[in-house]
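The values are calculated or read from the model by the stated rules, or taken from the named source; none is laboratory data. It should be emphasised that the depicted structure is a prediction, and the values quoted were computed from it without experimental measurement. Here the Cβ is made from the backbone with ideal geometry for all residues, glycine too, and neighbour counts use every protein chain on show.
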Amino acid sequence: MKRVGIAGATGLVGETLLRLLESSEYEIEDLRLFASQKSAGIMVSFRDQEYEVKELAVDGFQGLEIAFFCLENELAQKFVPAVAKLCPVIDKSSQFRLKDDVPLVVPEVNPGALSGHKNIIANPNCTTIPLVVALNPLHQEFGLKEVFLASYQSVSGAGRAALEQLYYESEFFVLHRQPDTGESPFPVQIVDNVIPQIGAVDESGFSAEEKKTILETKKILGLAELAVNSTCVRVPVTVGHCLAVTCRFEKAVDLAGVRRVLQKAPGVVLKPDREPLTPVVCRQRNEVFVSRVRAGATANDLNLWIVADNLYKGAATNALQIAGLLLKNSEGL
């Protein structure tokens with residue numbers, strides 16, 4: 001991978017991807033960075049060189065091996081199909097994730113989904129990724145039947161403006177003053193608070209984030225009939241998403257067997273149950289961390305606590321792993 005483009009290079013995920021590329025073994029010969037008009041012209045450092053961020057344009061991707069898109073749905077819908085005519089695109093938006101002809105890929109779980117791709121590969125939701133990395137090996141062993149989850153998602157999952165809002169409100173909080181939330185990307189105050197909805201709530205009562213975790217989990221695991229119960233909550237944490245998960249399996253589960261499976265599972269780090277596993281532990285790490293492994297209400301139930309860095313494995317790391325698979329597959333042709 002020598003000729004790479006990043007759309008959304010000045011956002012949190014784009015910046016994280018750039019830093020991961022910088023520390024990787026890839027010999028990048030042609031790096032092109034793109035963003036919206038308001039960010040065009042910014043200079044970005046990469047391996048002791050300065051690169052100017054260009055305004056997003058389809059022609060800018062001519063001759064590249066791969067393009068990473070870290071943009072919102074509207075821009076992804078406009079540019080991804082056109083850029084995909086020039087090179088493979090790994091897209092972080094939710095615009096194409098559920099389309100039948102677009103693979104939704106977590107390399108530890110369904111690498112085979114890349115077969116026959118049409119140059120658009122969807123990078124899943126930042127909560128769905130750690131969930132399926134932890135659940136897939138358990139499904140292979142015990143047969144997953146139903147999932148109950150509650151997520152506790154950091155503000156960085158909503159982008160830079162959300163992160164800056166938390167910082168801003170925190171300054172007021174320590175001064176015992178009420179922050180101004182008029183320009184906030186959140187519907188209510190986030191500091192010293194939790195918000196029990198992420199994204200718009202539809203007529204059925206489900207938030208956009210909850211629908212993502214439900215539908216994406218089914219697609220990635222290849223379990224169309226899987227029952228997924230989801231409640232997604234925004235919490236005043238900078239980086240790191242957490243999930244409290246109860247799994248119901250076809251078979252009875254034994255905790256020793258569960259731990260053996262998780263210890264061998266690709267991309268999973270099993271932590272001691274009595275050692276507090278928090279977002280701080282996972283930051284700038286590429287793995288999915290699991291703890292609090294314990295029995296559920298029935299012999300077929302299992303409880304887990306899952307934590308991951310939403311900017312790393314939940315976004316940029318997963319995209320880079322997908323790129324590695326694409327490169328490997330092309331070399332094997």
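Restricting attention to the stretch 128-165, the residues being in contact with a Phe, Trp or Tyr (Cβ under 7 Å, 6 or more places away or on another chain) and in contact (Cβ under 8 Å) with a residue 60 or more places away in the chain number 4. For the stretch 167-179, the count of residues that are within 20 Å of the chain's Cα centre (by Cα), closer than 26 Å to LEU277 by Cα and either surrounded by fewer than 18 Cβ atoms within 10 Å (Cβ to Cβ) or not assigned by TED's automatic domain parsing to the domain that holds VAL13 (or both) is zero. In this structure, does GLY314 turn out to be of a type outside the set (A, V, I, L, M), within 23 Å of ALA7 (Cβ to Cβ) and either touching a His at 6+ places or on another chain (Cβ under 8 Å) or surrounded by 24 or more Cβ atoms within 10 Å (Cβ to Cβ) (or both)? So GLY314 fits the description; yes.
For the stretch 261-283, give me the residue count where each residue is surrounded by 13 or more Cβ atoms within 10 Å (Cβ to Cβ) and within 22 Å of VAL106 (Cβ to Cβ).
Looking only at that region, the number is 13.
Has the stretch 137-146 got at least one residue that is among the polar types (S, T, N, Q) and farther than 20 Å from ALA265 by Cβ?
Checked against the condition, which is being among the polar types (S, T, N, Q) and farther than 20 Å from ALA265 by Cβ, the stretch 137-146 yields no hits at all.
Considering the stretch 44-80, the residues that are in a loop (DSSP other than H, G, I, E, B) and either touching a His at 6+ places or on another chain (Cβ under 8 Å) or small (Gly, Ala, Ser) (or both) include one that is surrounded by the fewest Cβ atoms within 10 Å (Cβ to Cβ), namely GLY63.
Filtering the stretch 166-181 to residues that are assigned to a loop (DSSP other than H, G, I, E, B) and either in contact (Cβ under 8 Å) with a residue 24 or more places away in the chain or basic (Lys, Arg) (or both) leaves only ARG177. Of all residues in the stretch 92-121, those being touching a helix residue (DSSP H, G or I) at 6+ places or on another chain (Cβ under 8 Å), in a loop (DSSP other than H, G, I, E, B) and among the hydrophobic types (A, V, I, L, M, F, W, C) number 5.
Rundown of residues vs (1) in contact with an Asp or Glu (Cβ under 9 Å, 6 or more places away or on another chain); (2) crowded, with 22+ Cβ neighbours inside 10 Å; (3) assigned to a loop (DSSP other than H, G, I, E, B), yes/no style:
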residue	(1), (2), (3)
LYS38	no, no, no
ALA82	no, no, no
LYS85	no, no, yes
ILE90	no, yes, no
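Of all residues assigned to the stretch 192-206, none qualifies as being in contact (Cβ under 8 Å) with a residue 60 or more places away in the chain and touching a strand residue (DSSP E or B) at 6+ places or on another chain (Cβ under 8 Å).
Of all the listed residues (PHE69, PHE46, PHE79), the sole one being within 25 Å of SER156 (Cβ to Cβ) and either under 16 Å from the mean Cα position of the chain (by Cα) or among the charged types (D, E, K, R) (or both) is PHE69. Checked against the criterion of being among the acidic types (Asp, Glu), surrounded by 13 or more Cβ atoms within 10 Å (Cβ to Cβ), closer than 24 Å to ILE322 by Cα and touching a Leu at 6+ places or on another chain (Cβ under 9 Å), the candidates GLU287, GLU216 yield just one match: GLU216.
Contact annotation: residue pairs with Cβ atoms under 9 Å, 6 or more positions apart or on different chains, pairing a residue in the stretch 19-47 that is over 16 Å from PHE68 (Cβ atoms) with a partner that is surrounded by 15 or more Cβ atoms within 10 Å (Cβ to Cβ) and among the basic types (Lys, Arg), are GLU29/ARG3; ALA40/LYS54; GLY41/LYS54.
Does the stretch 182-209 hold any residues that are part of a loop (DSSP other than H, G, I, E, B), buried (at least 17 other Cβ atoms within 10 Å of the Cβ) and either more than 26 Å from the chain's Cα centre (by Cα) or small (Gly, Ala, Ser) (or both), and which are they? Of everything in the stretch 182-209, just one residue is part of a loop (DSSP other than H, G, I, E, B), buried (at least 17 other Cβ atoms within 10 Å of the Cβ) and either more than 26 Å from the chain's Cα centre (by Cα) or small (Gly, Ala, Ser) (or both), namely SER184.
Could you go through the stretch 65-88 and let me know if any residue there is out of contact with any strand residue (DSSP E or B) (no Cβ under 9 Å at 6 or more places or on another chain) and within 29 Å of ASN303 (Cα to Cα). Within the stretch 65-88, none of the residues are out of contact with any strand residue (DSSP E or B) (no Cβ under 9 Å at 6 or more places or on another chain) and within 29 Å of ASN303 (Cα to Cα). Restricting attention to the stretch 2-31, the residues that are of a type outside the set (Val, Ile, Thr), closer than 20 Å to VAL83 by Cα and surrounded by 19 or more Cβ atoms within 10 Å (Cβ to Cβ) total 9. Tallying residues that are modelled with pLDDT under 95 and among the polar types (S, T, N, Q) within the stretch 277-332 yields 2.
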